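Quick note: the coordinates plus some simple rules give every number you see, no bench work behind them. Small disclaimer: the values here were computed from a predicted structure and weren't measured. Quick reminder, even Gly has a Cβ in these numbers, built from the backbone with ideal geometry, and neighbours come from all protein chains shown.
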Amino acid sequence: MPYKDPEQGRKKERERHRKRTAARRAQGLCIKCGKNPPAPGRSLCEACGERGRAAERARYARGKAAGDPYGGRNPEGRRRMARERNKRRRIERKEAGLCVRCGELPPAEGSVVCEACREARRAEERKLYAARRAKGHCGRCGRPTFAGAAQCGPCAALEEGRAPKKNAASRRRYADRRAQRLCVDCAQPAGLAARCEPCARRSWHSSGEHKGLPLYPPRYTVVELATGEEHGPWDSWEEVAMCLAFEKLSRNEVEVVADLPLMATITAWE
């Protein structure tokens, strides 16, 4: 019925709705239709719950088609509900002794996720890290870094404090995988070896044994042709030029010897 004062009318309707809901809940009935018992752990019966979910799905589809985030619902409210739902699901899976991510397998030792989910998460993190580094950004937070560094200043400080714990976890993971005869890098079967064949090949190709000696910058020695006297060694050609000027020698009066073997330019790496 219409009310003279719309605000007063809304207050009375809300109060009436609250009383009806409380009465139906006390009687053990669905709070919407008041005819059927509610579903286990719910306030609505199966029929009313399914109608509500169907209406919500249709409303969400219309909002999504219109480009509205969360189907036109309040974004902050939806995010809060999602966080609460994820928190409840995580607690339930943890108490049941299951992986908090997939809820199907038991978690790995010392973790709350199973080995498969942990490896999938690490693969995603490696992919994200590579994308950020390709842009010259911090591999941890994605912010720009100074002079192409791998991490920004705040993240580098955090990482330094976490280094002991991270190293201890790496040692435990290494020992666990060796005991299970798994590859210490990818957790695939490796037999008696520490790494599977692909990981072992990749590790060898990235080692100094495969690359050879590093190519260090050469040093230069100035030798006077007339007397055999040596000056140096010097770290750059600029210092050699300063030496010639100071000793009042011309380029034709000296020989500049570099301590870089010829084969080093072929076998060394930069």
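Could I have the simple spin-label model distance between residue 15 and residue 86, label points 7 Å from Cα toward Cβ, reported in nm to one decimal?
Once both label points are built, they end up 4.2 nm from each other.
Mind giving me the FRET efficiency for residue 95 and residue 122? R0 is 25 Å, r the Cβ-Cβ distance, nearest 0.05 is fine. List each step's numbers first, then the result.
Values: r = 26 Å, r/R0 = 1.02.
It comes to 0.45.
Can you spot the aspartates and glutamates whose alpha carbon is less than 20 Å from residue 64's alpha carbon? Ignore those fewer than 8 places along the same chain.
Partners within reach: 56, 76.
Using the Cα centre as the reference, give the magnitude of the dipole from point charges on the C-beta atoms of the stretch 220-267 (Lys, Arg: +1; Asp, Glu: -1; all else neutral), rounded to the nearest 20 debye.
Values: 2 positive and 10 negative charges, 29 e Å.
Magnitude of the dipole: close to 140 debye.
Using the Cα centre as the reference, give the magnitude of the dipole from point charges on the C-beta atoms of the stretch 14-73 (Lys, Arg: +1; Asp, Glu: -1; all else neutral), rounded to the nearest 20 debye.
In total the dipole reaches around 280 debye.
Would you work out which of 157, 218, 241 lies farthest towards the positive end of the dipole of the stretch 139-245? Charges go on Cβ: Lys and Arg +1, Asp and Glu -1.
Of 157, 218, 241, it is 157.
So between residue 178 and residue 149, what do we pick up on full extension, going 0.36 nm a residue minus the alpha carbon distance?
Length difference between fully extended and current span is 7.1 nm.
Students often get this wrong, so try it: which of (i) -1.17, -1.39; (ii) -0.82, -1.31; (iii) -1.28, -1.58 is log10 I(q)/I(0) by the Debye sum over Cα atoms at q = 0.13, 0.16 Å⁻¹ as calculated from the structure shown?
Read-out from the structure maps to (i).
Taking square-rooted eigenvalues a ≥ b ≥ c of the alpha carbon gyration tensor, is the stretch 220-267 rounded, prolate or oblate, where a/c under 1.5 means rounded and, failing that, a/b exceeding b/c means prolate?
On the way: a/c = 2.69, a/b = 1.79, b/c = 1.50.
Taking the square roots of the gyration eigenvalues as a ≥ b ≥ c, the stretch 220-267 is prolate.
Would you mind classifying the stretch 13-99 by shape? Square roots of the alpha carbon gyration tensor eigenvalues, ordered a ≥ b ≥ c; an a/c under 1.5 is rounded, otherwise it is prolate if a/b is larger than b/c and oblate if not.
It is oblate, given that a/c is not under 1.5 and a/b is not larger than b/c.
Whole-Hz ³J(HN,Hα) for each residue in the stretch 59-67, computed from phi via Karplus 6.51 cos²θ - 1.76 cosθ + 1.60 with θ = phi - 60°, x for glycine and proline: what do you get?
Here the 3J(HN,Hα) series is 5, 5, 4, 5, x, 5, 5, 7, x Hz.
Along the charge dipole of the stretch 1-108, which of 22, 98, 54 sits closest to the positive end, that is, farthest toward it, with unit charges on the beta carbon of Lys, Arg, Asp and Glu (+1, +1, -1, -1)?
Final value for the positive-end residue is 22.
At 0.36 nm per residue, minus the direct Cα-Cα distance, what do residue 74 and residue 23 gain on full extension? Give it in nm, one decimal, please.
Gain on stretching residue 74 to residue 23: 15.4 nm.
Does the stretch 62-171 classify as rounded, prolate or oblate by the C-alpha gyration tensor (a ≥ b ≥ c root eigenvalues; a/c under 1.5 gives rounded; else a/b over b/c gives prolate, otherwise oblate)?
Taking the square roots of the gyration eigenvalues as a ≥ b ≥ c, the stretch 62-171 is oblate.
So if I place +1 on the C-beta of Lys and Arg and -1 on the C-beta of Asp and Glu, and nothing else carries charge, what would the dipole magnitude of the chain be about its Cα centre? I want it in debye, nearest 20. Each step should come with its number before you reach the end.
Numbers: 59 positive and 35 negative charges, 970 e Å.
Using Cβ point charges on Lys, Arg, Asp and Glu, the chain gives about 4660 debye.
Straight-line reach from residue 135: which lysines have a Cα under 24 Å away, not including same-chain ones fewer than 8 places off?
Here the lysines satisfying the reach criterion relative to residue 135 are 127.
List the aspartates and glutamates whose alpha-carbon lies under 17 Å from that of residue 94, not counting same-chain residues fewer than 8 positions away?
Cα-Cα hits under 17 Å: 84, 104, 109, 115.
For the stretch 53-138, state which trypsin sites (Lys or Arg not before Pro) are in a DSSP loop and have at most 16 other beta carbons lying within 10 Å of their beta carbon.
73, 135
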